[in-house]
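Have a look at the structure below, then the notes.
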Amino acid sequence: MTDTGPAAHSAPASPPGSGPQLDAARGPLFIPEEQTAALVDEELALEAARAAFAATVEGAVFPSLAVHGSDPRNRFTLKPSASATHAGVKIGTYWPDNPKLGLPRHHSTLLLFDQRIGRLAAVLELGAANAHRTAAADALAVDLLAPSGAATLAVFGTGHQAAYEARPSPGSGRSTKS
């Protein structure tokens with residue numbers, strides 16, 4: 001195959017709604033934790049979790065991969081996903097010594113691909129967003145599976161995720177007691 005210069009590397013036009021697209025002049029979009037955290041709240045997370053649960057009924061489910069860094073205590077998972085408009089990989093990290101650096105043990109990063117050409121289009125840091133999403137998914141499970149008269153929910157653990165889990169989900173009619 002012959003490379004015919006820059007024209008050979010330009011991306012084809014993409015259909016509307018085809019997800020993020022790579023801007024070759026700028027490179028992949030990067031959205032840091034501070035910006036994504038400001039965009040997500042319990043209500044949005046619950047809405048997204050409901051949509052994600054519904055999508056798994058008819059959509060493909062991909063296996064995840066759990067690995068570790070050079071220190072075996074530092075672990076991360078790779079979770080691929082794709083839809084008609086998006087494809088990407090969520091990387092969830094667990095670094096147990098991070099609190100010594102003033103950072104949470106858990107963090108998430110999402111890599112989104114340009115569906116037209118398969119190249120990286122965006123990197124999003126999603127630690128807080130993922131914590132909201134995890135709590136929303138758990139709240140949905142409680143709402144769907146707990147007996148209607150249940151008055152007590154036990155949350156095991158005291159890590160950073162516990163604070164998200166203990167909040168009542170929007171519209172659940174449940175409240176928290178100290």
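Quick one: VAL123 ticks every box in (1) touching a residue at least 40 places away in the same chain (Cβ under 8 Å); (2) touching a helix residue (DSSP H, G or I) at 6+ places or on another chain (Cβ under 6 Å) except a single one, so which number is it?
Of the numbered conditions (1) touching a residue at least 40 places away in the same chain (Cβ under 8 Å); (2) touching a helix residue (DSSP H, G or I) at 6+ places or on another chain (Cβ under 6 Å), the odd one out for VAL123 is (2).
So which residues in the stretch 46-75 are modelled with pLDDT of 90 or more and either in contact with a His (Cβ under 7 Å, 6 or more places away or on another chain) or closer than 24 Å to ASP114 by Cα (or both)?
Hits for the stretch 46-75 are SER64, LEU65, ASN74, ARG75.
Give all pairs with beta carbons closer than 7 Å in which a residue from the stretch 29-45 that is among the aliphatic types (A, V, I, L, M) meets a residue that is open to solvent by 70 Å² or more (accessible area, probe 1.4 Å); count only pairs at least 6 apart in sequence or on separate chains.
ALA45/ARG133
Out of curiosity, is THR134 surrounded by fewer than 20 Cβ atoms within 10 Å (Cβ to Cβ), touching a Ser or Thr at 6+ places or on another chain (Cβ under 7 Å) and at pLDDT below 90?
Spelling it out, it is not the case that THR134 is surrounded by fewer than 20 Cβ atoms within 10 Å (Cβ to Cβ), touching a Ser or Thr at 6+ places or on another chain (Cβ under 7 Å) and at pLDDT below 90.
The values are calculated or read from the model by the stated rules, or taken from the named source; none is laboratory data. This structure is a prediction, so every number in the text was calculated from the model and none was measured. Reconstructed Cβ throughout: ideal geometry from the backbone, glycine too, with neighbour counts over all protein chains shown. When the accessible area is computed, the model is the full protein with side chains, heavy atoms only, and any ligands, DNA or RNA have been set aside. Shrake-Rupley method; radii C 1.70, N 1.55, O 1.52, S 1.80 Å.
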